[in-house]
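**Student:** Attaching a single structure in structure tokens format; questions to follow.
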Amino acid sequence: MAPVKKRNVSSAKTTEQNVKTAKIDLSSKVEGILVNRKNANVVFDILEFLQSEKEKDVVSAVDACSKLFCTLLERKELFVGKLPGEDEALSGQAEEKYRIFMRHRYNSCVEILLEHLSHEVHRVKESGLCCLMRFAAEEGQHPLEDLDWSEHYSFPRALIQAVVDRLLSRTTDNSLLISRFQEFLEMEDVRYYVMSSIRENVGKVMDKSKGVGERICSICACLLFSLSVFFFLNSLNITYCAEPCWLEHKRVFERMWLGFLKYKLPSNMYKKVLVILHDSILPHMSKPTLMIDFLTAAYDVGGAISLLALNGLFVLIHQHNLDYPDFYKKLYNLLEPSVFHVKYRARFFHLANLFLSSSHLPVYLVAAFAKRLARLALTAPPAALLIVLPFIYNLIRRHPSCRVLIHKPSTEDGESQFDLYVMEEEDPAQCRALESSLWEIKTLQKHYHPDVAKAAMLINAPLSEQEDDISEVLEITVHELMERDLKQTQTKSIPLEFETATELLRGGGDVLGQHFCLD
């Protein structure tokens, strides 16, 4: 077995030496081209390495191309303006022929690097992306378009457009590469033109008529969410650009999201968008009211999507005077047994508490919400009951007219009154909640969980004027309740004597010694 090991070690060393030799060879080729233009044809050898099947050779060639063409851009040795064909440049001067020749090689390098963005190996994709962004930075300082840049801002839009097009590929999952691309989004000009490119490319990768695949949708959303995060962070400090420039950024940001949301999205993507919509998208739009159609459509879907749409609707209603018909009727119908088990339960009750905090709401509406919550509480888990009961108490505190639900007189013949509340009624004005009572809370006083029974007992005494803070219990879980119940309480030490006895029949004032002895 020993000879085999020696053979493996020697082969590994040979591979490392070959890689080092390739790097040295490429570096010497780049230096030769930069020192003497007579070596210009050596660039074909570098491009050949760039198309190699070996990962290490490709990465080395990417670094060589980065050094070569970035230096040529700095020296302004690439042809500027509309690039003629290589055959047309044969009759020109040597200087111009060289610039045209190297410009064609630069274009070939860019095309190969763009193809590498779909490579199987992530390291190759990452090195290609970084090289392309270095090219973009150099083109910004040394433009290849023949324009009067004294009155215009130079930016390689075509290159960024091509990079975004490859990132939003239908055939390759570039989620990991997009996470690497995020560091370039910290630059305002890159972020602006990336948003413009996404708006133009999103229609190419998402088919409106047939819907979109979950994978391609997640890739688009990954890039959009990254832009939203950086947009939010920069909105905290907008001194980096003038106010007109900031407004233009907001317009492009708005058009980008509207272009994405007009397509049919998978349900899980709707949820991801709605989670960040109220704080990462709406505040940075020039006209947030353009999201009304999207939010109202999401609110009509039902289930968890409707719960998440409440956040965006609250922003539009509270800050932009949105008049939404039958809003409370739909909010009332969202109160179903499943609301206690969804992931976004805390957010829903927080928003519902805000929507029902107004003292100008009609009594029948508040009574309908209180009664429906009380009925649902009969089958709710303990963690949800610790939210529901204070929620109901706060509704009664805000609207004293609802106290009739607590003290409901019996009928004249002495028999208990039937519950006239209609649980199946979708209209809170027709559910007859005011004709009923909160007998469900009385039932919960016999609940098996002591904390729930204790909370239900509070209705027996007059409620205090100060509202309960439900924010403390919104995030509580069943696991936390069990951990708290199973935690052993430490018993306090109980003093038995004022003075500690030091010996038999002595101590404590020597009372025993006065009446007893050992003789």
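The values are calculated or read from the model by the stated rules, or taken from the named source; none is laboratory data. Please read these numbers as outputs of a predicted model, since none were measured by experiment. With ideal geometry, Cβ positions are generated from the backbone for all residues, glycine too; neighbour counts draw on all protein chains shown. Quick note on the areas: whole protein, heavy atoms, side chains included, nothing else; ligands and nucleic acids left out. Shrake-Rupley method; radii C 1.70, N 1.55, O 1.52, S 1.80 Å.
**Student:** Within the set Lys329/Lys442; Lys250/Lys287; Lys442/Lys487, which residue pairs have Cα atoms separated by over 20 Å?
**Tutor:** Distance filter (> 20 Å) returns Lys329/Lys442; Lys442/Lys487.
**Student:** Among the listed pairs Lys204/Lys264; Lys272/Lys343; Lys330/Lys454; Lys54/Lys125, give every one whose C-alpha distance is greater than 22 Å.
**Tutor:** With Cα atoms farther than 22 Å apart: Lys330/Lys454.
**Student:** Using a cut-off of 13 Å between beta-carbons, work out the net charge of the residues near Gly85 (Lys and Arg +1, Asp and Glu -1, Gly85 not included).
**Tutor:** Taking every Cβ under 13 Å from that of Gly85, the sum is 0.
**Student:** For the peptides 305-313, 330-338, what is the packing order when you average, over each peptide's residues, the other Cβ atoms within 10 Å and list the highest mean first?
**Tutor:** The packing order, highest mean first, is 305-313, 330-338.
**Student:** Let me ask something else about it. Roll a 1.4 angstrom probe over the protein heavy atoms and tell me the percent of accessible area of the stretch 24-148 that is carbon or sulfur.
**Tutor:** Ligands and nucleic acids excluded, carbon and sulfur reach 47 percent.
**Student:** So what is the relative contact order for the stretch 24-148, in percent, with contacts set as C-alpha pairs under 8 Å and at least six apart?
**Tutor:** 28 percent
**Student:** Which three extents, in angstrom, do the Cα atoms of the stretch 43-101 have along their principal axes, listed largest first?
**Tutor:** Extents along the principal axes: 39, 24, 18 Å.
**Student:** If I model the stretch 24-148 as equal point scatterers sitting on the Cα atoms and use the Debye formula, what is log10 I(q)/I(0) at q = 0.11, 0.17, 0.21 Å⁻¹?
**Tutor:** -0.37, -0.87, -1.25
**Student:** I need the calculated FRET efficiency for the pair Arg347 and Ala137, taking r as the beta carbon distance and R₀ as 51 Å, to the nearest 0.05.
**Tutor:** 0.75
**Student:** Which of the peptides 79-86, 270-277 is most tightly packed, and how do the rest follow, judged by the mean count of other Cβ atoms within 10 Å per residue?
**Tutor:** 270-277, 79-86
**Student:** Put Tyr263, Tyr344 in order of accessible area, largest first, 1.4 Å probe: what do you get?
**Tutor:** Descending order: Tyr344, Tyr263.
**Student:** Would you work out the charge dipole size for the stretch 24-148 about its Cα centre, treating the Cβ of every Lys and Arg as +1 and the Cβ of every Asp and Glu as -1, and quote it to the nearest 20 debye?
**Tutor:** Here the size comes out at about 320 debye.
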